[in-house]
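Here's the structure we're looking at; comments come further down.
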Amino acid sequence: MIATAELPTNRDEAFRWADLAALQAARALPAESATVPDPILPDAQRLVIVDGHLVDHLSRAVDLTIERAAIASDHALGRHAGGQGHRIALAPRSVTTIEIARVNAGEDSHTPLEIALGEDAVLTLVETYTGAGWSNALTRFDLARGARVMRAVRVVDAEGFVSARDEVVIGEAASFVCVTLGAATASTRFDAALTLTGEGAFAEYGGALLTAAEQRQECAVRVRHAEPNGQSHQLWRAVAADRSTASLAAAVEVARDAQKTDGEQSLRGLLLQRTATVNLKPELEIFADDVKCAHGATVGELDARALFYMQSRGIAKPRAQALLTRAFVADALDRIADETVREAFVADADAWLERAL
Amino acid sequence: MTMLKIENLHAEIDGKPILKGLSLTVNAGEIHAIMGPNGAGKSTLGYVLGGRPGYEVTEGSVSFDGQDLLDLEPHERAAAGLFLGFQYPVEIPGVSNVQFLREALNAQRATRDEKPLSGAEFLKLAREEAKKLDMDAEMLKRPVNVGFSGGEKKRNEMVQMGIVNPKFAILDETDSGLDIDALRIVGDGINRIMRAPDKAVLLITHYQRLLDYVKPDFVHVLADGRIVRSGGAELAHELEREGYAGVAA
Ligand SMILES: Nc1ncnc2c1ncn2[C@@H]1O[C@H](COP(=O)(O)OP(=O)(O)O)[C@@H](O)[C@H]1O
Ligand SMILES: [Mg+2]
């Protein structure tokens, strides 16, 4: 068990909004049995990870090469998930769909995973966090030239605390797209460092964090453009109800050599009640001179005029609020390319809205 | 039969009195035009009848079909048969016209214990209404009013009115922003949808020109929060000739 002294505190700038009290409380609760969620894609390769361990008889990984590997990180939370884990190597030009269930019955679970894609390999990846306790994941991606990842991550039916650290290296003309949905009662921390190490690499990293009650969710993402002609988009939407807090920190770093970089950040928060909080922290660090970086960061409430317009057409207020909030969240979820996955995520967001409104 | 009865209505916004003792009775089968200078309180009257938050009624009463209108939530007023055509229709990014209107219609139907329309049934109805108002059916798929021109927004209000088929419509400057062809189409639409013995209309307008298409039974002049004069259709012509200053004085 990791000593409390080894965890970050709110005094650390990078963790000032983090719900570390919820993390401690989650660890303290005894483990109970946890149910494995149904897959969204029943025909996909399936990995079921329970309490940090890959469970072979629940998994179905017929075509996957999975080997044991040591995985390390120096990230404040991610490093605790480092150690002996699994490495999945996808052959050049292979096309793979994997769905991972990450189930935690309680207490701590730490899951190191590495996925390496050969040239022009394509991966569709869905991950679902459920359960309780503290789920801590470290996931590394390495994309060779022209590889493509389309990833969707959701936290549903989870309480306690979920922290996920992604470390992603995107090679020449490779593309990494990740959409995350936080729609459970668990407090969360989504941490990511993406590096575009090849010319013309593409990164999209964003999602929707829906918070209620006293919950806190946050992301802290850094995209680093190291080479020219890269493109990155960070589009996050936060919806905060009650006394909850959602925090979006997104940084773009453009190295001196990374000319013609096209970077976009769009961070938007929606307060369902005035007692809720959304923190936004967009950051740009640009060392090249020929770059295009658009960024927008706004927090607001539902448009009262639109609400009344909808009500005056016969739609009751809670439903009108749900429709407007749904449209707000859709900006982020629309980035999920696979229709079945997108619809499942939208349904999760809808279920959250039903509860919150 | 009396449909709408407004008695001594006083209303304020942010503590500022806007309506100052307005009384008006509209019977089934009638079309009433309300005209008046800018800032007179015409839109405020529409919003108060629609139940917009922030528009506080401080005195007076409004009954609609025998029930206390002011006691109903805005969506209940819609279900009761009231339709408010907005002077400035609102844009709703991310919500398609089709979804919005189907939700609206089915919510109204549910309140009235009627069966909901299926997606296909609704689409058929919406396409027919769009066609009658010469609106491209493709616009039904677009987000509500987003990127619509002023005239398209007004036409969309009429398509919505056709779809929900209300008993009573308050149309706030539906004619503004329309060119002469659109004005005729919208005027025909109002007559087609609302000219019936069991329906009524309150037509708020600045100009005589819409009244050439939709002949009012009564014309009222609203100034400084009150009805200051009432008459027949000829009053609108008098206003056109002499201006509000002369007529309302
Ligand atoms: N939201 C508001 N807050 C404060 N005053 C308002 C608001 N809306 C309208 N008013 C005022 O109410 C009066 C009546 O406005 P309105 O009903 O829009 O007039 P009309 O439609 O006849 O031109 C005007 O003096 C206007 O400035
Ligand atoms: Mg007006």
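Among B:5/B:124; A:281/B:153; A:281/B:141; B:153/B:215, which pairs are too far apart, with a Cα-Cα distance over 31 Å? Show your work: numbers first, answer last.
On the way: B:5/B:124 36 Å; A:281/B:153 37 Å; A:281/B:141 35 Å; B:153/B:215 23 Å.
Violating the 31 Å limit, Cα to Cα: B:5/B:124; A:281/B:153; A:281/B:141.
Please compute the contact order of chain A in relative form: average sequence separation of alpha-carbon pairs under 8 Å and at least six residues apart, divided by the residue count, as a percent.
Details: 1050 pairs, mean separation 39.5, N = 357.
Across chain A, relative contact order equals 11 percent.
Taking θ = phi - 60°, what integer Hz values does the Karplus form 6.51 cos²θ - 1.76 cosθ + 1.60 yield along the stretch A:56-71, in sequence order, with x for Gly and Pro?
Whole-Hz 3J(HN,Hα) from phi for the stretch A:56-71: 4, 6, 8, 8, 9, 10, 4, 9, 9, 9, 10, 10, 6, 7, 7, 10.
Quick one: which residues, 5+ away or cross-chain, put their amide H under 5 Å from the amide H of residue B:223? H built at 1.01 Å from N.
For residue B:223, whose amide H was placed from the backbone, the distant partners under 5 Å are B:228.
Work the Kirkwood hydrodynamic radius out for the stretch B:179-249: mean of 1/r over every pair of different alpha-carbon atoms, inverted, in Å. If you can, show how the numbers build up before the last one.
Values: mean 1/r = 0.0763 Å⁻¹.
With all distinct Cα pairs of the stretch B:179-249 included, I get 13.1 Å.
Using modelled backbone amide H atoms (1.01 Å from N, in-plane), which distant-in-sequence or interchain residues come within less than 5 Å of residue A:47's amide H?
Close amide H contacts, sequence-distant or interchain: A:60, A:99, A:100, A:101.
Pull up the cross-link candidates among the lysines for residue A:260, meaning alpha carbon to alpha carbon under 16 Å and not fewer than 8 places away within one chain.
A:292
Efficiency by 1/(1 + (r/R0)^6): what FRET value for residue A:295 and residue B:180, r their Cβ-Cβ distance, R0 = 45 Å, to the nearest 0.05?
E(calc), rounded to 0.05, equals 0.45.
Please list, by residue number, every one of the GluC sites (Glu not before Pro) in the stretch A:1-87 that is coil in DSSP and has at most 16 other beta-carbon atoms within 10 Å.
Loop-located and lightly packed - A:32.
To the nearest Å, what is the center-to-center distance of the stretch B:112-190 and the stretch A:31-88, using C-alpha atoms only?
Here the answer is 53 Å between Cα centres.
Please give the FRET efficiency for residue A:41 paired with residue B:120, using the beta carbon to beta carbon distance and R0 = 25 Å, rounded to the nearest 0.05. It would help to have the intermediate numbers written out before the result.
Working: r = 29 Å, r/R0 = 1.16.
So, using R0 = 25 Å, E works out to roughly 0.30.
Spelling out what I want: for every residue of the stretch B:4-11, take phi, set θ = phi - 60°, compute 6.51 cos²θ - 1.76 cosθ + 1.60 (Karplus), and round to whole Hz; glycine and proline get x.
Residue by residue, the stretch B:4-11 yields 10, 10, 9, 10, 6, 7, 10, 9 Hz.
Which one of A:226, A:325, A:273 is farthest out on the positive end of the charge dipole of the stretch A:224-355, using unit charges on Cβ (Lys, Arg +1; Asp, Glu -1) and the Cα centre as origin?
A:273
Skipping prolines and chain starts, which residues have an amide H placed within reach, meaning under 5 Å, of the one on residue A:218, given they are 5 or more residues away or on another chain?
Here A:188, A:189, A:190, A:247 satisfy the definition.
Among A:141, A:304, A:112, which residue has its Cα positioned farthest towards the positive end of the charge dipole of chain A, with +1 placed on the Cβ of Lys and Arg, -1 on the Cβ of Asp and Glu, and the dipole taken about the Cα centre?
Value: A:304.
Classify the stretch A:4-301 from the C-alpha gyration tensor, please: rounded if a/c falls under 1.5, else prolate or oblate depending on whether a/b exceeds b/c.
Details: a/c = 1.70, a/b = 1.05, b/c = 1.61.
Note, shape of the stretch A:4-301 comes out oblate.
Only loop residues by DSSP count here, and only those with at most 14 other Cβ atoms within 10 Å; note down the trypsin sites (Lys or Arg not before Pro) in the stretch B:153-245 that meet that.
Passing sites in the stretch B:153-245 are B:195.
So, with +1 on the Cβ of K and R and -1 on the Cβ of D and E, and no other charges, what is the size of the charge dipole of chain B about its Cα centre, to the nearest 20 debye?
Using only the charged Cβ atoms, the result is roughly 460 debye.
Report ³J(HN,Hα) in whole Hz for each residue of the stretch B:92-107, in order, from the Karplus equation J = 6.51 cos²θ - 1.76 cosθ + 1.60 where θ = phi - 60°; Gly and Pro get x.
Working through the residues one at a time gives 10, x, x, 10, 6, 3, 4, 4, 4, 6, 5, 4, 4, 5, 5, 5 Hz.
With r as the distance between the Cβ atoms of residue B:242 and residue A:351 and R0 = 60 Å, compute the FRET efficiency 1/(1 + (r/R0)^6) and round to 0.05.
About 0.45, to the nearest 0.05.
Expressed as a rounded percentage, what relative contact order does the stretch A:197-290 have, with Cα pairs under 8 Å and six or more residues apart? Please list the in-between numbers first.
Working: 275 pairs, mean separation 28.9, N = 94.
Relative contact order comes out at 31 percent.
Would you list which lysines come within 22 Å of residue B:16, measuring only between C-alpha atoms, while excluding same-chain residues fewer than 8 positions from it?
Straight-line reach from residue B:16, under 22 Å: B:42.
Run the dipole for chain A about the Cα centre, Lys and Arg Cβ at +1, Asp and Glu Cβ at -1, nothing else charged, and hand back the magnitude in debye, nearest 20. Before the final figure, lay out each step's value.
Working: 36 positive and 50 negative charges, 178 e Å.
It works out to roughly 860 debye.
I'd like the chymotrypsin sites (Phe, Trp or Tyr not before Pro) in the stretch B:165-237 restricted to DSSP loop residues with at most 16 other Cβ atoms within 10 Å, sorted by number.
B:207, B:213
When the label point is put 7 Å from the Cα of residue B:142 along its Cα-to-beta-carbon vector, which residues of the stretch B:168-191 have a backbone N closer than 17 Å?
Within reach of a label on residue B:142: B:177-179, B:182.
If you put +1 on each Lys and Arg Cβ and -1 on each Asp and Glu Cβ, how big is the dipole of the protein assembly as shown around its Cα centre, in Debye rounded to 20? Walk me through the intermediate numbers first.
Details: 65 positive and 87 negative charges, 178 e Å.
I would put it at about 860 debye.
Taken together, the values in this text are just the output of simple stated rules run on the coordinates, not laboratory data. Remember, predicted model here, so these are calculated numbers, not experimental data. In this analysis, Cβ positions are derived from the backbone assuming ideal geometry, glycine residues included, and neighbour counts consider all displayed protein chains.
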